[in-house]
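The values are calculated or read from the model by the stated rules, or taken from the named source; none is laboratory data. Keep in mind that this is a model prediction, so the values were computed, not measured. In this analysis, Cβ positions are derived from the backbone assuming ideal geometry, glycine residues included, and neighbour counts consider all displayed protein chains. Accessible surface areas use protein heavy atoms only, side chains included; no ligands, DNA or RNA. Shrake-Rupley method; radii C 1.70, N 1.55, O 1.52, S 1.80 Å.
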Amino acid sequence: MRRNLVVGNWKMHGSSASIDQLLCGLQQQLTTVCSEQVDIAVCPPAVFISQVSKQLAGSIVACGAQNASDQQEGAYTGEVSATMLAELGCQYVIVGHSERRSLYAESDAGIAAKFIAVQSQGLTPILCVGESLIQREAGETLTLIEQQIKAVVDVAGIDAMARAVIAYEPIWAIGTGKTASPEQAQQVHAHIRQVLAADDPAVAEGIQLLYGGSVKANNAAELFGQQDIDGALVGGASLKAEDFTAICLAAIN
Ligand code: PEP
């Protein structure tokens, strides 16, 4: 049986002091969550990874990053490499979040390069895919998701997916308070598994597929109850210890 995974994406929020407070709250409240039952990670802004990683040492919560360079070293001003993230103790890296695709013009090819760079350092990429409202209304969702996944599989190979996580995040549901219905999310997750199964059924069966888009304490359980939803990528609700803990508790299976 696949384990559920809940990942907090803190985006560009927080200060050293507020993060310290959030982590203390999480560590207190998550004592009821057994590491045998659910995987948990938080992805702070890059400048706070060192602090978070040290504070989480020995806890059941892993540390991740929100982005990584497709290069490992060199004259790339402002970039942070997967090598550096590994040295800081990261286990996961979010790759291809819709905010990076839309605000920073990240292409499918560039995302595939980042995915490979992250895996080359032994880190687990969380590959984000998702459609806009216009694409959903045009009936393009499943085709688009398939394209976004194939763009990575074609370059990295299907075996690479055995060491990755995929997060389905409909863009219209991110930060809007509008969640995809459990049925809408399940339909896409089942399709993702089908796309992967055409290349390797075992990889398709084993991969953790997260849903992201306004996941809250009050809708998490219903989403996690779907056959092909194995946890969540959580933005807004990951900034409050109580809310994030409630989502982690709902993910225990
Ligand atoms: C996200 O940014 O990945 C996300 C899902 O955000 P939110 O939970 O706030 O919709």
Exercise. Can you give the accessible area of SER15 in Å² (nearest 10), computed on protein heavy atoms with a 1.4 Å probe?
Worked result: 50 Å²
Problem set entry | 3J(HN,Hα) from dihedral phi, the stretch 5-22, Karplus parametrisation 6.51/-1.76/1.60, rounded to Hz, x for glycine, proline | 10, 10, 10, x, 9, 7, 6, 9, 10, x, 10, 4, 5, 5, 5, 4, 5, 4
Exercise. On full extension of the chain, what length is gained from GLN194 through THR176, given 0.36 nm per residue of separation minus the C-alpha to C-alpha distance?
Worked result: 3.6 nm
For this session: May I ask you to give the solvent-accessible area per residue for the stretch 4-250, in square angstrom, as obtained with a 1.4 angstrom probe?
Result: 43 Å²
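Taking a quarter of the surface of the Cα convex hull of the chain, what do you get in nm²?
Working: hull surface 49.7 nm².
The orientation-averaged projected area of the Cα hull of the chain comes to 12.4 nm².
Take the solvent-accessible surface of the protein heavy atoms, probe 1.4 Å, and return the percent of it on the chain that carbon and sulfur atoms account for. Don't skip to the answer; put the middle values down first.
On the way: 5740 of 11090 Å².
Reported share for carbon and sulfur atoms: 52 percent.
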Exercise. Relative contact order for the chain: what is it in percent, counting Cα pairs under 8 Å that are at least 6 residues apart?
Worked result: 23 percent
For this session: Report the label-to-label distance for GLN28 and GLN71 in nanometres (one decimal), using points 7 Å from each Cα along the Cα→Cβ vector.
Result: 4.5 nm
For this session: Sort out the exposed loop chymotrypsin sites (Phe, Trp or Tyr not before Pro) in the chain (DSSP loop, at most 16 other Cβ within 10 Å) and tell me the longest stretch that has none.
Result: 105-253
Problem set entry | Total lysine pairs under 26 Å (Cα atoms) in the chain, excluding pairs fewer than 8 apart on one chain | 11
Exercise. What number, rounded to the nearest 500 deg cm²/dmol, is the helix-based mean residue ellipticity at 222 nm of the chain, given -39500 (n - 2.57) per DSSP H run of at least four residues and division by all its residues?
Worked result: -12000 deg cm²/dmol
Exercise. In the full protein assembly as shown, how much of GLU242 is accessible to a 1.4 Å probe, in Å² to the nearest 10?
Worked result: 130 Å²
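Take every Cα pair under 8 Å in the stretch 1-108 that's 6+ residues apart, average their separations, divide by the length, and report that relative contact order as a whole percent. Numbers along the way, then the final one.
Details: 134 pairs, mean separation 25.7, N = 108.
For the stretch 1-108, the relative contact order is 24 percent.
How high is the FRET efficiency between LEU88 and ARG2 when r is their beta carbon distance and R₀ equals 25 Å, given to the nearest 0.05? Please list the in-between numbers first.
Working: r = 28 Å, r/R0 = 1.11.
Here the calculated transfer efficiency is 0.35.
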For this session: Subtract the Cα-Cα distance of MET12 and SER50 from 0.36 nm times their separation in residues, and report this length gain in nm to one decimal.
Result: 12.1 nm
Exercise. Rounded to the nearest 10 Å², what accessible area does THR83 show when all protein chains are kept and the probe is 1.4 Å?
Worked result: 60 Å²
Seminar exercise, completed: The rounded separation in angstrom of the Cα centers of the stretch 32-81 and the stretch 173-187 is 26 Å
Problem set entry | Relative contact order, percent, the stretch 106-237 [alpha-carbon distance under 8 Å, six or more residues apart] | 24 percent
